[in-house]
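The values are calculated or read from the model by the stated rules, or taken from the named source; none is laboratory data. The structure displayed is predicted, hence computed values, not measured ones. Cβ: placed from backbone, ideal geometry, glycine included. Neighbour counts: every protein chain shown.
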Amino acid sequence: MMGFVMPFAMIVVGTNILITESLLAIGRGTSASVSISGRQSWRPATTHYLRRDSLADEIAPATDDWISADMEKRRRPRKRNRDNGGPYGHLSTEDLQVLTEYHLSQNIDNLATVGSMTSAQMHEFSRLIATWAKIRSHQRQERILASEMAEQCLREVLDEKAAGNAAASSGVVPEMYLGVIQSWLKVKSGRSDLVHATSILNLLERLHSTDEVFMSRSAMCYIAVLDGWCRSKSRGAEIRAQEILIRMSSAVSSTNGTNGNFGVDVRHYNNVMNRIASSPKPKAGKEAERLLMSMIDKYNSGEASLLPNRNSFNTVIKAYSNAGGKHAAANAKRILELMKNPETIGLERLKLQLSPDVISFSSVMATLTSGHEAEELMAEMVELCSKNSDMRP
C-alpha cells in the first residue's frame, strides 16, 4: 500500500531527541517497537524519545481518527513550567512525565538488564529528580505526581546500586534523596506526605549508615524532615520530631563532625521544643525542659553548636504555661530563675545573653493566679527593662 510521511518536529533535550510528531504511516496495523542498547522497550503512542546513538526507526500506529485528535490537541496552547527550575524546567509537566516514563521503562519487566545503567543514564535520572523536586503547582494532584515521579527515579537508581552497578554506586548522592523528600513535603495534603518523606530518610539511613562521607553530607535531608514535623499540626507530630532529632544527633556522632555543614544546633532543639510547647499534652512542659537540659549538658560537654539562648528558655516557660496545671506557675518561675542565675547550670558566661526579657516575664505571669504575685513580677520586669534595653522583645 502506498503511503506518505508527515512532517515531524524534533526538540533536543540533553542527549535525547523528543519527536512530537512521529513518522506516521498511513498503512494500518503497522507494528511499533524500538531497540536501544539491546533493550526492547515500550513507547508512548504519540510522543517518543530516541537517543542520538540509536539508529532504530520507529513508526507509530496511525488512524484517521488518531491523526485528527492528535493534531487538534497540538493546536491547543500548552502551559510550560516557566516558574519551575531544574535542568528540564522548560518542559511542561506532561512532557516531563513522558520523558521520565521513557527512562523508567528501560528496565520494566526486564530483569536481565538491571545493573547495566550507564553513567549517562544515571546523570539523566539525577536531572529528572532535580526537576521534579522544583515543581511548583497549585494543583495537589500535580504535586503528588511530582513526588511519585521523583521517588520512582530514585528507586530505579537504587536498584542499579543494589545490583552492583559501579556507575550507580558512585552516582547516588544525598541531593537525590533531598529532592524526593522536598517533593513530598511540598504536597501538603496531610500527615501521609510527612510519612512518605520520613520513609525516604529511613531508606537513606538503611543503605548508607556505614558510609561516613555520605552521611556527613546528608544534613539537609534530616533538617527537611525535622522541619516538616515541627510545622505539622497533626497529632503526635512532636513525638516524631523528637525521634528525628535523636536520629540526626546520632548520625552526627557517627561521622564525628567530619563536615562543618552537618550537625544539630540550637535552632533544631528550639524548633522541637516549640512544637512540644504547642501540643495539648499535660506533660509538655516537662518534655520541653528535659530537651533543654539535654542540650545544656551537651554544650557543657563541648558541643559548641548547642549553645542555648534566651529563646530556648522562653520556649520551656511557654510549654509550662500552655500545659497549665497546678504546678505550672511554680515550674515556669523556676525556669525564670535559671535565666537570672545561669551559673547554677554551668552557664555563668552567658548571664547577659540568657537574662529574661519581656516575653519571659509575660509567659510566667500567664501562669499566675495570684494578682499580688503578678504585680510583683510586673514591677521587677519594669525595673529590669529600665536598666537593660536588651530585655525588650
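State which residue is farthest from M176 (Cα to Cα) when the search covers only region 195-246 and only residues that are aromatic (F, W, Y) and out of contact with any Pro (no Cβ under 7 Å at 6 or more places or on another chain).
Filtering first and then ranking leaves W229.
When you check I239 against the structure, is it more than 26 Å from S169 (Cβ to Cβ), modelled with pLDDT of 95 or more, buried (at least 20 other Cβ atoms within 10 Å of the Cβ) and not assigned by TED's automatic domain parsing to the domain that holds M293, yes or no?
no
Can you find a residue that is polar (S, T, N, Q), modelled with pLDDT under 95 and under 20 Å from W184 (Cβ atoms) anywhere in region 211-227?
Yes - at least one qualifying residue is present in region 211-227.
So, E348, is that one surrounded by fewer than 14 Cβ atoms within 10 Å (Cβ to Cβ) and charged (D, E, K, R) or not?
Against the criterion (surrounded by fewer than 14 Cβ atoms within 10 Å (Cβ to Cβ) and charged (D, E, K, R)), E348 qualifies.
Output the number of residues of region 262-282 satisfying the condition of being surrounded by fewer than 20 Cβ atoms within 10 Å (Cβ to Cβ), modelled with pLDDT of 95 or more and among the charged types (D, E, K, R).
1
Given (1) closer than 17 Å to V266 by Cα; (2) out of contact with any Asp or Glu (no Cβ under 7 Å at 6 or more places or on another chain), where does V316 come up short, assuming only one miss?
Tallying (1) closer than 17 Å to V266 by Cα; (2) out of contact with any Asp or Glu (no Cβ under 7 Å at 6 or more places or on another chain), V316 fails exactly one: (2).
At least 1 residues that are within 23 Å of I244 (Cα to Cα), touching a Pro at 6+ places or on another chain (Cβ under 9 Å) and free of Cβ contacts under 8 Å to residues at least 60 places away in the same chain in each: list the helices (runs of 4 or more DSSP H) lying fully within region 269-381 that qualify.
Where helices (runs of 4 or more DSSP H) fall fully within region 269-381 and carry at least 1 residues being within 23 Å of I244 (Cα to Cα), touching a Pro at 6+ places or on another chain (Cβ under 9 Å) and free of Cβ contacts under 8 Å to residues at least 60 places away in the same chain, they are 284-300, 310-323.
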